[in-house]
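**Student:** First the structure, which I've put down as structure tokens, then a few questions once you've had a look.
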Amino acid sequence: MPSVSRPRAIRPGARIAIAAPAGPVDPDALASGRQALERLGFETIARDDIIDRDGYLAGSDERRATELMEFVRDSS
């Protein structure tokens, strides 16, 4: 039976990107979640347009794809 490999734990001080690649984000829930992560010692980043809305989506297809790829490519 193969062994399970686990990634390293994220340590306080690490940078966590918050993205919305699907449904719209509630600004109050976003603020609450960011505060919780920051209280644990993490740095959070999110784009200013994360709360955009396009029908039932978190903004346009272009906005969502660009956001996700920016964070995937960001080595910090």
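**Student:** Test each condition in (1) open to solvent by less than 60 Å² (accessible area, probe 1.4 Å); (2) among the charged types (D, E, K, R); (3) over 13 Å from the mean Cα position of the chain (by Cα) for Arg47 and report the one that comes out false.
**Tutor:** For Arg47, the failing item is (3).
**Student:** Here's a follow-up. So which residues in region 1-25 are farther than 17 Å from Ile50 by Cα, modelled with pLDDT of 90 or more and either of a type in the set (Ser, Thr, Tyr) or touching a Gly at 6+ places or on another chain (Cβ under 9 Å) (or both), if there are any at all?
**Tutor:** Once the filter is applied, which keeps residues that are farther than 17 Å from Ile50 by Cα, modelled with pLDDT of 90 or more and either of a type in the set (Ser, Thr, Tyr) or touching a Gly at 6+ places or on another chain (Cβ under 9 Å) (or both), region 1-25 yields Arg11, Pro12, Gly13, Ala14.
**Student:** Oh, and also: Please go through region 26-40 and pick out each residue that is open to solvent by less than 80 Å² (accessible area, probe 1.4 Å) and either within 23 Å of Pro12 (Cβ to Cβ) or at pLDDT below 95 (or both).
**Tutor:** Step one: list which residues in region 26-40 are open to solvent by less than 80 Å² (accessible area, probe 1.4 Å), which gives 27, 29-34, 36-37.
Residues satisfying the conditions are Ala29, Leu30, Ala31, Ser32, Gly33, Arg34, Ala36, Leu37.
**Student:** Tell me which of these Asp54 doesn't satisfy, since it passes every other one: (1) more than 11 Å from Ala22 (Cα to Cα); (2) touching a Ser or Thr at 6+ places or on another chain (Cβ under 8 Å).
**Tutor:** With (1) more than 11 Å from Ala22 (Cα to Cα); (2) touching a Ser or Thr at 6+ places or on another chain (Cβ under 8 Å) applied to Asp54, the lone miss is (1).
**Student:** When you go through Ser76, Ser5 one by one, which is the residue that is touching a residue at least 40 places away in the same chain (Cβ under 8 Å) and either in contact with a helix residue (DSSP H, G or I) (Cβ under 7 Å, 6 or more places away or on another chain) or part of a loop (DSSP other than H, G, I, E, B) (or both)?
**Tutor:** After ruling out the rest, the residue left standing is Ser76.
The values are calculated or read from the model by the stated rules, or taken from the named source; none is laboratory data. Treat the numbers as computed from the prediction; the structure is a model and nothing was measured. Because the Cβ atoms are built from the backbone with ideal geometry, glycine has one as well, and the counts that use them run over all protein chains shown. The area values use the complete protein model at the heavy-atom level, side chains included, leaving out ligands, DNA and RNA. Shrake-Rupley method; radii C 1.70, N 1.55, O 1.52, S 1.80 Å.
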